[in-house]
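This report concerns only the one structure given below.
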Amino acid sequence: MTSEWSASGAPYGSGGPSGPRASFGIRLVAYIIDAAIVGIAGVILSFVGGRGGSLLALFAGLAYFTYFEGSPSGQTIGKRAMNIRVIDFGAGGSIGYGRAVVRYLMRIVSGFVCLLGYLWMLWDRERQTWHDKLANSVVVPTSAYPVAAWPG
């Protein structure tokens, strides 16, 4: 008997994601670590920046998540600590800096409606949040999708 596979790589009728995905709990812990880092930087920038400090703090968060999630590893400090990473849903590589910006901005929207955009992954087949969907990304364990070693 042969198995039939969908274009996403999952067996037809499997009902599960097309590959291993990071759990809600692991993603939450990674986000708490990242939020602490960005939050501390934001408080410092708010004091130093005066009236424009809040805007500086917003840009610090944008820079942090864009730089790390758009990098070839797809890992923020929190994601690295939890052994997960962001990858392109279709190709499996880096999402790049442009899509990392989109992902960050949509992350803000994900929290607007009672955190529904974050909770969406709990019933989504591919375990994607709204910001994952818009950026065409998934968060995966590094045990299944290892970070490539740097040459040299």
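Residues considered: 148, 57. Of these, the only one that is modelled with pLDDT under 95 and loosely packed, with under 14 Cβ neighbours inside 10 Å is 148. Out of 140, 101, one residue alone is under 20 Å from residue 19 (Cα atoms) and within 14 Å of the chain's Cα centre (by Cα). It is 140. Among the residues of the range 111-126, is there at least one that is touching a strand residue (DSSP E or B) at 6+ places or on another chain (Cβ under 8 Å) and open to solvent by 30 Å² or more (accessible area, probe 1.4 Å)? For the range 111-126, residues touching a strand residue (DSSP E or B) at 6+ places or on another chain (Cβ under 8 Å) and open to solvent by 30 Å² or more (accessible area, probe 1.4 Å): absent. I'm checking my understanding of the structure. Among residues of the range 1-25 that are at pLDDT 85 or above and open to solvent by 60 Å² or more (accessible area, probe 1.4 Å), which one is nearest to the chain's Cα centre (by Cα)? Out of the qualifying residues, it is 24. Of the residues making up the range 104-137, those that are assigned to a loop (DSSP other than H, G, I, E, B) and more than 11 Å from the chain's Cα centre (by Cα) are 111, 112, 113, 114, 115, 123, 124, 125, 126, 127. Of all residues assigned to the range 78-90, none qualifies as being open to solvent by 10 Å² or more (accessible area, probe 1.4 Å), in a loop (DSSP other than H, G, I, E, B) and acidic (Asp, Glu).
Whenever a residue of the range 105-127 is of a type in the set (Val, Ile, Thr), its partners that are in a helix (DSSP H, G or I), lying with C-beta atoms within less than 8 angstrom and at least six residues away or across chains, give the pairs 109/117; 109/130; 109/131.
Among residues belonging to the range 79-115 that are over 17 Å from residue 145 (Cα atoms) and aromatic (Phe, Trp, Tyr), point out the one that is modelled with the lowest pLDDT. This residue is 112. Between a first residue in the range 53-71 that is under 9 Å from residue 42 (Cα atoms) and a second residue that is of a type in the set (A, V, I, L, M, F, W, C) and part of a helix (DSSP H, G or I), which pairs have beta carbons less than 6 Å apart while being 6 or more apart in sequence or on different chains? If the second residue must be of a type in the set (A, V, I, L, M, F, W, C) and part of a helix (DSSP H, G or I), the pairs left are 53/45; 56/45; 57/45; 60/41; 60/45; 61/38.
The values are calculated or read from the model by the stated rules, or taken from the named source; none is laboratory data. Remember, it's a predicted structure, so these values are computed and weren't measured experimentally. With ideal geometry, Cβ positions are generated from the backbone for all residues, glycine too; neighbour counts draw on all protein chains shown. Protein only, heavy atoms only, side chains kept; ligands, DNA and RNA dropped before computing areas. Shrake-Rupley method; radii C 1.70, N 1.55, O 1.52, S 1.80 Å.
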